[in-house]
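The values are calculated or read from the model by the stated rules, or taken from the named source; none is laboratory data. Remember, predicted model here, so these are calculated numbers, not experimental data. Here the Cβ is made from the backbone with ideal geometry for all residues, glycine too, and neighbour counts use every protein chain on show. Quick note on the areas: whole protein, heavy atoms, side chains included, nothing else; ligands and nucleic acids left out. Shrake-Rupley method; radii C 1.70, N 1.55, O 1.52, S 1.80 Å.
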Amino acid sequence: MSDAALWATVVAASLVCLGLKLAGHLIPEHWLASDRVSRTAALVTASLLAALVAVQTVGDGQGIAIDARLPALGVAAVALALRAPFLLVVVLAAATAAGLRALGFP
């Protein structure tokens, strides 16, 4: 992709984002006050976060890679299920990934 095409894409995407943000301010407030909209917004937020975690855990450019990130995510999920503090969850996941990589697991 040429530099001009890249910049054109960045500018176009920025304008689309700005347009969406401005459209959000133009929507009547009573449309956003309904329970259905708030439930949908909460579900969309959670599903986007779950998709991001999945892609960052097993994604490797154009393919799927099973490496130390996957067991680390499992340890973090178990720690969260046991209601561990978030900082401890992060430390446990990082230690799991570091330990597995030190043992030669990719």
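Checked against (1) modelled with pLDDT of 90 or more; (2) surrounded by fewer than 10 Cβ atoms within 10 Å (Cβ to Cβ); (3) among the small types (Gly, Ala, Ser), residue 19 passes all but condition (2). Close Cβ contacts (under 8 Å, 6 or more residues apart or on different chains) running from residues in segment 66-89 that are closer than 15 Å to residue 54 by Cβ and free of Cβ contacts under 8 Å to residues at least 12 places away in the same chain to residues that are in a helix (DSSP H, G or I) and open to solvent by less than 70 Å² (accessible area, probe 1.4 Å) comprise 66/58.
Conditions tested, residue by residue: (1) among the hydrophobic types (A, V, I, L, M, F, W, C); (2) under 30 Å from residue 69 (Cβ atoms).
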{"position": "2", "(1), (2)": "no, no"}
{"position": "7", "(1), (2)": "yes, no"}
{"position": "11", "(1), (2)": "yes, no"}
{"position": "26", "(1), (2)": "yes, no"}
{"position": "30", "(1), (2)": "no, no"}
{"position": "33", "(1), (2)": "yes, no"}
{"position": "36", "(1), (2)": "no, no"}
{"position": "53", "(1), (2)": "yes, yes"}
{"position": "56", "(1), (2)": "no, yes"}
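In segment 45-62, the residues that are in contact (Cβ under 8 Å) with a residue 12 or more places away in the chain form Cβ pairs under 9 Å with partners that are β-branched (Val, Ile, Thr), at six or more places apart or across chains, as follows: 58/64; 58/66.
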